[in-house]
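Engineer: This is the structure, below, for whatever I ask next.
The numbers here are math on the coordinates, done by the rules we state, and not lab data. This structure is a prediction, so every number in the text was calculated from the model and none was measured. Neighbour counts run over all protein chains shown; Cβ positions are idealised from the backbone, glycine included.
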Amino acid sequence: MKSLFTPDGNAEIIDRINKLTPSTPQVWGKMNVSQMLAHCQQPLKVAFGEVKMKQGLMGILFGKMMKKKLTGTQPFQKNLPTAKPFIIANPGEFELEKTKLIALVKKFYSEGPNALSKDPHPFFGRLTDEEWDKLSWKHLDHHLQQFGV
């Protein structure tokens, strides 16, 4: 599995982000490209402890089961539900959102596992560094595929 902690994996995601334009159409889903760029920042901010959220009832009931499924080898399914705080109705300007996302991806590599939050994930509960990495990689890969890059 590719990793945001490695120079090659990190560079691959950034290269794919850089292929996006303000008019890149989605292959599936409802978000436009700017909304997707803003949306993808939110889980990374949770990973770094910059956004704090409490674990809700759905996470308590289903989080461990879903964690096992989503950290496995299969890619994310299309049209999975999005947590309400991660739905971005009014994103900033495309280039700003792109720059902010790239900075967060670079931070994953430059600061490594030590930058990751030790707080439980708001849906999945406690995560290892490897699980944070897998979820982050797969989430970014999923949305970049959503926009054909």
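Engineer: Taking the Cα-to-Cβ direction at ALA103 and at ASP141 and moving 7 Å from each Cα, how far apart do the two end points lie in nm?
Structural biologist: Each label point is offset 7 Å from its Cα along the Cβ direction, giving 2.7 nm.
Engineer: Would you mind calculating the relative contact order of segment 1-112 from Cα pairs under 8 angstrom and at least 6 residues apart, reporting the percent as a whole number?
Structural biologist: With pairs under 8 Å counted, the relative contact order is 48 percent.
Engineer: Specify whether the C-alpha gyration tensor of segment 38-149 places it in the rounded, prolate or oblate class, a ≥ b ≥ c being the square roots of the eigenvalues: rounded for a/c under 1.5, otherwise prolate if a/b is larger than b/c and oblate if not.
Structural biologist: rounded
Engineer: So if each residue of separation counts as 0.36 nm, and I subtract the Cα-Cα distance between GLU93 and ARG126, what length gain in nm does that give?
Structural biologist: Result: 8.5 nm gained on full extension.
Engineer: Let's see if you can work this out: charge +1 on each Lys and Arg Cβ, -1 on each Asp and Glu Cβ, no other charges. What is the dipole magnitude of the chain about its Cα centre, in debye to the nearest 20?
Structural biologist: Charge dipole of the chain: 560 debye, to the nearest 20.
Engineer: To continue, here is another question. How far is helix 94-111 tilted off the main Cα axis of the chain, in degrees rounded to 10, range 0 to 90?
Structural biologist: Helix 94-111 sits at roughly 50 degrees to that axis.
Engineer: Can you list which of the trypsin sites (Lys or Arg not before Pro) found in segment 50-149 are DSSP loop residues with at most 13 other C-beta atoms within 10 Å?
Structural biologist: Of the trypsin sites (Lys or Arg not before Pro), the ones in loops of segment 50-149 whose Cβ has at most 13 other Cβ atoms within 10 Å are LYS52, LYS54, LYS78, LYS118, ARG126.
Engineer: I want to check the label-to-label distance for LYS64 and SER3. Put each point 7 Å from Cα in the C-beta direction and report it in nm to one decimal.
Structural biologist: 2.7 nm
Engineer: What is the set of long-range amide H partners of HIS121 at a cut-off below 5 Å, with H atoms built 1.01 Å from backbone N?
Structural biologist: ARG126, LEU127
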